1. With a point put 7 Å past each Cα toward its Cβ, work out how far Ala199 is from Trp108 in nm, to one decimal.
2. Using a 1.4 angstrom probe on the protein heavy atoms only, could you order Trp231, Trp108 from most to least accessible area?
3. Where does the charge balance sit around Gly143 when Lys and Arg score +1, Asp and Glu -1, over other residues with C-beta under 15 Å from its C-beta?
4. Give me the distance in nm between label points sitting 7 Å out from Cα along the Cα-to-Cβ direction at Lys97 and Lys269, one decimal.
5. How much accessible area per residue does region 265-329 have, in Å², with a 1.4 Å probe?
6. I need to check one value: relative contact order of region 233-360, counting alpha carbon pairs closer than 8 Å and at least 6 residues apart, in percent.
7. How much net charge surrounds Asp127 when only the other residues with a Cβ under 12 Å from the Cβ of Asp127 are counted, with Lys and Arg +1 and Asp and Glu -1?
8. So, with a 1.4 angstrom probe, what is the percent of accessible area on region 119-183 that is carbon and sulfur?
Amino acid sequence: MLTKLPLLRRLEAKITFFRKYRQQKIRTFSLLFTVGLGSTLAVFVFSPNVTNNGETIQKANANTIAQNNSSKRVIRIGYQKAATILYALKAKGELEKALKASGSSVTWTEFPAGPPMLEALNVGSIDFGYTGEAPPIFAQAAGTPFVYVAYDPYGPKAEAILVHKDSPIKNVADLKGKKVAFAKGANVNYLVVKALEKAGLKYTDIKPTFLAPADGRAAFEGKNVDAWAVWDPYLAAAQKATGARTLTDATGLAPNRGYYLAAKSFVEKNPAALKTVLAGVTKVSDWAKKNPPKVAKLLSPVLGIDAAVLEVAEKRRKYGIFPLTNDVIAKQQEIADTFYKINLIPKQIKVKEIVWQGKK
């Protein structure tokens with residue numbers, strides 16, 4: 001009996017220890033559950049991505065998000081080296097200074113032509129850009145969410161269809177059955193269509209060869225194409241270097257305007273920033289109009305084109321930043337209708353539906 005007592009006491013002690021341990025585990029689990037549930041509820045309440053009855057719950061940080069989007073943001077601009085005004089705006093750095101007060105900044109992305117720039121606008125990579133008259137037509141037909149915010153007159157002398165200096169082709173009618181190089185969806189695409197129409201030909205009467213300016217120049221000089229439609233300053237450079245003959249420019253055929261475009265979301269959320277950008281564009285345009293030699297000197301090293309050639313291009317273009325008028329919209333609509341008629345775009349569009357009203 002005496003030998004069993006210590007054993008029983010030891011057993012009771014162990015039972016008491018395990019009871020206390022179990023109670024401690026229960027209290028610890030309860031605490032962890034409470035904290036975890038509280039954290040889950042906090043995430044639910046304050047997350048901007050969780051919805052309740054179809055409405056996004058945005059508490060606690062909603063005002064901060066709105067302020068950051070409206071005043072302190074990065075404005076992403078697409079440009080082409082050959083697009084005088086935006087390139088000069090980038091080079092001069094004046095837009096950065098104008099936006100500094102609001103805490104905003106600018107990034108610049110270079111594109112070889114308008115169509116890839118519109119694709120970048122479509123996928124949300126840029127907020128603002130400049131192209132010729134045709135790319136916006138294709139972009140709208142494809143459903144790109146953008147708006148026209150302004151235009152510049154540029155001018156019909158700044159684009160043309162070239163043939164080799166020794167070519168037997170004497171007029172546009174002679175292009176029937178010939179290879180004509182141009183950038184698909186660029187402003188010269190419309191020039192080709194209208195030139196053929198005036199000559200009594202259809203778009204299907206030629207063999208379109210879709211090439212960007214650099215590739216078009218190589219194909220033209222190698223005589224792999226019979227004609228080449230291109231715009232300044234590539235036009236002026238080719239004329240100087242090859243002695244190419246101008247079959248026709250856009251006079252009486254196409255207005256050859258340029259358009260400033262912006263993502264729809266950018267315009268809706270940042271109208272003040274957009275106006276700052278347009279003010280900067282206007283200022284540089286006024287400077288360029290008065291200083292063709294300085295513009296040529298600025299562009300020469302980046303384009304690899306002699307300044308004297310660039311000055312020729314600058315002098316035959318027009319300047320100015322204007323809101324779209326009814327006449328301008330009507331002409332752009334005519335381009336859209338023409339492209340739909342010859343199956344270059346898949347559906348009819350209404351240009352006036354995507355014209356920004358802020359500059360009216």
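1. 3.8 nm
2. Putting Trp231, Trp108 in descending order of accessible area: Trp108, Trp231.
3. Taking every other residue near Gly143 into account, the sum is +1.
4. Rounded to a tenth, the inter-label distance reads 2.9 nm.
5. Computed with neighbouring chains in place, this is 51 Å² per residue.
6. 22 percent
7. Computed value for this residue: +3.
8. Reported share for carbon and sulfur atoms: 53 percent.
The values are calculated or read from the model by the stated rules, or taken from the named source; none is laboratory data. Note that the coordinates shown come from a computational prediction; the quantities given were computed from them, not determined experimentally. FYI the Cβ positions are ideal-geometry reconstructions off the backbone, even for glycines, and counts take in every protein chain you see. The protein model used for the area step is the full one, side chains on, heavy atoms only, and it has no ligands, DNA or RNA in it. Shrake-Rupley method; radii C 1.70, N 1.55, O 1.52, S 1.80 Å.
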